[in-house]
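A short write-up of the structure that comes next.
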Amino acid sequence: MTATDTHRTIDAVWRIESARLIAGLTRIVGDVGLAEDLAQDALVAALERWPESGIPDKPGAWLMATAKHRAIDLRRRDKMLERKHVEVRYELESRQETAAPDLDAAIDDQVGDDLLRLVFISCHPVLSREARVALTLRLLGGLTTEEIARAFLVPEPTIAQRIVRAKRTLAEAHVPFEVPRGVELAARLSSVLEVLYLVFNEGYSATAGDDWMRPQLCEEALRLGRILAELAPEEPEVHGLVALMEIQASRARARVGPAGEPILLLEQDRGRWDQLLIRRGLAALERADDLGGAHGPYALQAAIAACHARARTASETDWMRIAALYEDLVRLVPSPVVELNRAVAVGMARGPAAGLELVEELTAEPTLRNYHLLPSVRGDLLAKLGRNDEARAEFERAASLTRNLRERELLLDRAAASHGEGARDD
């Protein structure tokens with residue numbers, strides 16, 4: 001194996017093992033920031049040694065052993081402890097032994113509990129939404145600071161500062177390395193699901209930049225969602241979110257044309273939809289239903305996506321069902337954005353005039369004043385009603401508001417054509 005091949009393997013191992021490694025180390029040392037530093041030290045050691053010694057049979061256990069020994073060295077040199085080396089080693093190894101009987105067990109036996117604890121720490125409400133997203137992608141997704149910054153079109157120093165501040169905040173707040181219980185569990189779980197939802201949506205429809213989608217973010221959110229579903233199998237909304245992401249991700253290949261241009265839902269080649277992901281999504285939705293979570297916000301959105309997934313052609317879409325599901329969603333989580341989506345569904349189910357009536361009620365909503373999808377949806381409905389000059393003005397306004405280059409081009413094309421053929425539902 002060449003040095004290049006070895007480094008590629010190390011990179012792959014790191015992506016697979018880093019979250020479990022950091023989770024196990026956090027249990028041992030009680031500090032997520034220190035745990036990440038120790039894991040990074042182990043990675044550096046692997047980069048130095050594995051090209052010569054070869055990849056070990058159990059790379060995760062090797063990384064854990066290396067990080068644990070590094071932790072012992074740090075504790076030994078910590079003058080504030082004022083203890084002998086033997087005492088330090090005994091204390092640390094006692095904690096390790098209590099948590100797991102050997103190094104392999106540190107990776108394998110309690111990995112579920114440790115990962116779940118790390119999920120709840122990374123998404124703790126004491127952190128800002130932006131900090132939760134960055135820390136989750138760093139600790140659980142294994143992404144570098146550069147990769148996170150590139151994905152969200154944010155300067156790398158900004159992301160680095162968010163991560164540093166997040167770890168400091170967690171330490172200062174003395175956030176325990178544990179899974180919350182009772183009422184707190186529901187509140188914290190909603191924060192975890194929100195982070196995964198935000199990451200996936202940013203990947204699915206990028207808010208800014210030159211690309212319509214950022215597949216890496218979709219893949220990371222879906223991967224973490226699947227892990228969470230295994231770690232919290234009795235939580236219906238976890239399965240609801242996974243169902244939503246699976247079904248939405250199934251359209252990825254059909255959403256982008258050869259030149260990277262957006263292809264809206266009703267114009268997509270459904271033969272390119274990934275049927276495996278659809279089946280997985282429908283199974284997750286059924287699991288949420290079996291657990292009594294069919295009417296949770298994520299499960300409702302997944303049920304809407306499932307209506308599209310089950311339709312062999314755009315004309316077979318059950319828009320009446322989708323409109324009814326949006327009405328349920330509006331009652332559950334009232335939001336102008338959800339109302340706008342409902343207007344699209346009503347426009348498809350009952351005609352553009354009915355949809356436009358709902359949209360007109362939203363034009364005075366302050367939170368939608370600079371939301372580009374409001375004039376986009378209004379332009380679509382006006383075009384269907386033959387009010388082409390008004391439609392053109394709406395599409396041009398929408399184009400001026402979006403920060404995504406591909407979406408701007410699409411909206412300007414629709415403005416030039418002065419009519420649209422299908423709702424803005426992608």
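The values are calculated or read from the model by the stated rules, or taken from the named source; none is laboratory data. Just so it is clear, the model here is predicted, and its values are computed rather than measured. All Cβ positions, glycine included, derive from the backbone under ideal geometry; neighbour counts span all protein chains shown. To get the accessible areas, we keep the full protein, side chains included, count just its heavy atoms, and leave off ligands, DNA and RNA. Shrake-Rupley method; radii C 1.70, N 1.55, O 1.52, S 1.80 Å.
Taking the numbered list (1) open to solvent by less than 30 Å² (accessible area, probe 1.4 Å); (2) modelled with pLDDT under 95; (3) of a type outside the set (A, V, I, L, M, F, W, C) in turn, Arg403 passes all entries but (1).
Selection of segment 191-232 for residues being free of Cβ contacts under 8 Å to residues at least 40 places away in the same chain and either buried (at least 21 other Cβ atoms within 10 Å of the Cβ) or in contact with a helix residue (DSSP H, G or I) (Cβ under 8 Å, 6 or more places away or on another chain) (or both) yields Pro215, Cys218, Glu219, Ala221, Leu222, Gly225, Arg226.
Kindly indicate whether Gly54 is under 25 Å from Thr136 (Cβ atoms) and in contact (Cβ under 8 Å) with a residue 24 or more places away in the chain. Write out each step before concluding.
Details: under 25 Å from Thr136 (Cβ atoms): no; in contact (Cβ under 8 Å) with a residue 24 or more places away in the chain: yes.
Against the criterion (under 25 Å from Thr136 (Cβ atoms) and in contact (Cβ under 8 Å) with a residue 24 or more places away in the chain), Gly54 does not qualify.
Residues of segment 313-325 that are open to solvent by less than 30 Å² (accessible area, probe 1.4 Å) and within 10 Å of Ala345 (Cα to Cα): Trp319, Ile322, Ala323, Leu325. Only one of Ala35, Ala12, Ala39 is free of Cβ contacts under 8 Å to residues at least 40 places away in the same chain, under 24 Å from the mean Cα position of the chain (by Cα) and within 18 Å of Phe120 (Cβ to Cβ). Can you tell me which? It is Ala35. The residue pairs whose first member lies in segment 262-284 and is of a type in the set (Phe, Trp, Tyr), whose second member is assigned to a loop (DSSP other than H, G, I, E, B) and open to solvent by less than 90 Å² (accessible area, probe 1.4 Å), and whose beta carbons are closer than 9 Å, counting only pairs six or more residues apart or on different chains, are Trp273/Ser250; Trp273/Arg251. Taken together, the criteria exclude Leu410 from residues that are more than 17 Å from Ser335 (Cβ to Cβ), touching a helix residue (DSSP H, G or I) at 6+ places or on another chain (Cβ under 6 Å) and either part of a helix (DSSP H, G or I) or open to solvent by 10 Å² or more (accessible area, probe 1.4 Å) (or both). Taking Leu332 as the residue in question, decide whether it is closer than 30 Å to Glu235 by Cβ and either polar (S, T, N, Q) or open to solvent by 10 Å² or more (accessible area, probe 1.4 Å) (or both). Answer is yes for this residue.
Hey, does segment 294-309 have a residue that's β-branched (Val, Ile, Thr) and surrounded by fewer than 17 Cβ atoms within 10 Å (Cβ to Cβ)? Checking segment 294-309: not a single residue is β-branched (Val, Ile, Thr) and surrounded by fewer than 17 Cβ atoms within 10 Å (Cβ to Cβ). Scanning segment 161-183 for residues that are over 22 Å from Val29 (Cα atoms) and either in a loop (DSSP other than H, G, I, E, B) or at pLDDT below 95 (or both) yields Arg181, Gly182, Val183.
When Val337 is tested against the conditions (1) open to solvent by 60 Å² or more (accessible area, probe 1.4 Å); (2) out of contact with any helix residue (DSSP H, G or I) (no Cβ under 7 Å at 6 or more places or on another chain); (3) of a type in the set (Val, Ile, Thr), the lone failure is (1). What is the residue count in segment 242-290 for residues that are among the aliphatic types (A, V, I, L, M), open to solvent by 30 Å² or more (accessible area, probe 1.4 Å) and over 21 Å from the mean Cα position of the chain (by Cα)? Matching residues across segment 242-290 total 3.
Those helices (runs of 4 or more DSSP H) of segment 22-104 in which 2 or more residues are modelled with pLDDT under 90 and open to solvent by less than 10 Å² (accessible area, probe 1.4 Å) occupy 59-77, 85-99.
Looking at Val154, Val133, can you tell me which residue is of a type outside the set (Gly, Ala, Ser), open to solvent by less than 60 Å² (accessible area, probe 1.4 Å), under 23 Å from Glu219 (Cβ atoms) and at pLDDT 90 or above? Break it down into steps so the answer makes sense when it comes.
Numbers: Val154 fails: at pLDDT 90 or above.
Only one candidate qualifies: Val133.
Could you say whether any residue in segment 235-243 is more than 18 Å from Tyr204 (Cα to Cα) and of a type in the set (D, E, K, R)?
Our first condition is that a residue be more than 18 Å from Tyr204 (Cα to Cα); within segment 235-243, this holds for 235-239.
After this cut, where a residue has to be of a type in the set (D, E, K, R) as well, the list is 235, 237.
Checked segment 235-243: at least one residue is more than 18 Å from Tyr204 (Cα to Cα) and of a type in the set (D, E, K, R).
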